[in-house]
Amino acid sequence: MNDRRAIAAVREFAASARFAQALTLIAIGLGFGTHAIRALIGWPGLLAAMAALIALCAVSLVARWRAVEWYGILPLTILVFVGWCAASVLWSSTPGRSLAGVAYLVAFTVLGVYIALMRDTIQIVRAFGDVMRLLLAVSLGLEVLSGILIDVPIAFLGVEGRITSLGPIQGIFGTRNMLGFVALIALLTFVVEWRTKMVQRPRAIGSLVLAGLCLALSGSPTTWIALGAALVATLALYGLRRAKPATRWNWQIALIGAGLVAVVVAWLLRIRIIEILDARGEFDVRLDVWRELSRYLNQNPLQGWGFVGPWPAQTPYTWIELATGRPHGSALNAYIDAYFQVGVIGALLFAALVGVALVRAWLLASTRRSVVYVWPALMLVVVAVTSFAESFALVEGGWMLLVVCAVKAARDMSWRDALAQARRAAGDVRD
């Protein structure tokens with residue numbers, strides 16, 4: 001009798017919303033805190049933590065089995081891309097490392113799917129807000145400790161203590177670009193929190209100041225470009241959400257045209273933009289890496305060298321590092337990284353994943369009444385733009401964020417239904 005009560009209590013706990021909320025917070029923290037976790041307990045500790053977390057997520061899913069809508073869990077774009085990455089193990093130049101890389105990718109895919117299935121969009125926004133506040137506060141606190149209080153770098157975390165010279169700082173994320181990426185995600189999340197009144201005004205203002213400080217002190221040119229794109233997207237969504245439903249589709253077409261023109265102009269003025277952002281050094285580093293990558297792309301253009309995720313200390317990746325004279329953990333461009341690892345097919349599949357998810361999220365954000373639907377669209381804008389200069393979207397927290405937004409957008413709106421609805425609205429106007 002006591003055993004039955006204990007089992008019933010465990011089932012009730014595993015099926016509770018609080019348990020799902022706790023797992024969501026831990027998953028987000030683990031996804032974006034991998035650098036600090038590896039620095040503290042190494043790869044074995046990180047992998048053990050991930051395995052335990054995935055096991056707990058499985059228990060939670062089983063306990064809430066009947067409450068989950070299993071139809072259309074994953075967008076086809078995610079399934080095909082992950083499937084192609086898994087297939088690349090067969091022709092990989094480093095099959096063992098590719099198998100580990102695919103398993104690592106699948107693990108974060110599972111965590112992203114769990115978050116999207118178990119939590120509503122508003123709950124996901126609140127969870128990201130809570131975790132980002134903690135991560136940024138710890139990062140800024142360690143930078144103050146290192147740069148002001150003890151005036152000594154914290155080498156094992158990569159904290160260099162440059163806060164007294166106003167950066168660039170890295171926090172617990174290893175690089176200034178990763179800190180800038182997280183700070184931008186946090187900034188947009190805090191704005192949505194404020195607009196939806198999830199948090200009180202003082203806390204919202206404090207959070208925005210924290211994210212703004214981290215973003216500014218990171219000194220990341222990539223982040224400033226992504227911020228500009230996010231601001232433009234926010235203004236566009238603000239206008240679309242207030243447009244009449246009958247004319248909204250026409251405005252969408254006009255925005256697409258304006259966006260294409262802006263891309264062309266930005267490309268023509270790219271040198272001037274780089275000079276304004278003082279990003280010549282970073283741009284030159286990326287050009288060096290991409291030039292070296294092009295030498296090897298011609299050998300396996302269709303299928304790539306095999307998916308590995310973060311670059312391992314194996315050929316051909318070590319050859320590229322030797323040629324450029326500095327270590328690299330990625331191709332510094334998610335689309336080129338996908339091209340190099342899984343070929344032109346994989347690159348097209350990854351671009352399709354990002355593009356389809358963004359279109360779905362954008363249509364949701366522009367048609368749904370609640371402001372919370374703006375969050376996935378803005379996150380995907382940041383991911384899409386940042387992916388031109390970093391490979392965050394292919395690994396760990398960046399990939400998990402992409403999966404969360406793609407799954408939520410796909411479950412809330414099929415792109416075929418959305419386009420059909422928009423055409424019907426446009427037809428009503430003509431009638």
**OP:** Could you please find all residues in segment 294-328 being of a type in the set (D, E, K, R) and surrounded by 12 or more Cβ atoms within 10 Å (Cβ to Cβ)?
**Re:** R295, E321
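Residue under question is G29, and the condition is that it be surrounded by fewer than 14 Cβ atoms within 10 Å (Cβ to Cβ), within 30 Å of the chain's Cα centre (by Cα) and assigned to a helix (DSSP H, G or I); does it hold?
Considered against the rule, which asks whether it is surrounded by fewer than 14 Cβ atoms within 10 Å (Cβ to Cβ), within 30 Å of the chain's Cα centre (by Cα) and assigned to a helix (DSSP H, G or I), G29 comes out as no.
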**OP:** Output the qualifying pairs, or none if there are none: Cβ atoms under 7 angstrom, residues six or more apart or on different chains, first residue in segment 134-154 and assigned by TED's automatic domain parsing to the domain that holds L208, second residue assigned to a helix (DSSP H, G or I) and loosely packed, with under 15 Cβ neighbours inside 10 Å.
**Re:** G147/T164; I148/T164
Original post:
When you look at R11, is it more than 24 Å from the chain's Cα centre (by Cα) and more than 27 Å from M413 (Cβ to Cβ), yes or no?
Top reply: yes
Original post:
When only residues in segment 144-167 that are under 15 Å from G212 (Cα atoms) and surrounded by 18 or more Cβ atoms within 10 Å (Cβ to Cβ) count, which is nearest to the chain's Cα centre (by Cα)?
Top reply: G167
Original post:
From the residues in segment 82-140 that are of a type in the set (F, W, Y) and surrounded by fewer than 23 Cβ atoms within 10 Å (Cβ to Cβ), which one is farthest from the chain's Cα centre (by Cα)?
Top reply: W91
**OP:** Report yes if R360 is touching a helix residue (DSSP H, G or I) at 6+ places or on another chain (Cβ under 9 Å), at pLDDT below 90 and among the basic types (K, R), otherwise no.
**Re:** no
Original post:
With segment 167-270 as the region, which helices (runs of 4 or more DSSP H) entirely inside it contain at least 1 residues that are in contact (Cβ under 8 Å) with a residue 24 or more places away in the chain, in the same structural domain as E396 (by TED's automatic domain parsing) and over 28 Å from I37 (Cα atoms)?
Top reply: 221-242, 245-268
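The values are calculated or read from the model by the stated rules, or taken from the named source; none is laboratory data. Here the structure is a predicted model, which means the values were calculated and not measured. Cβ coordinates were reconstructed from backbone atoms using ideal geometry, including for glycine residues, and neighbour counts include every protein chain displayed.
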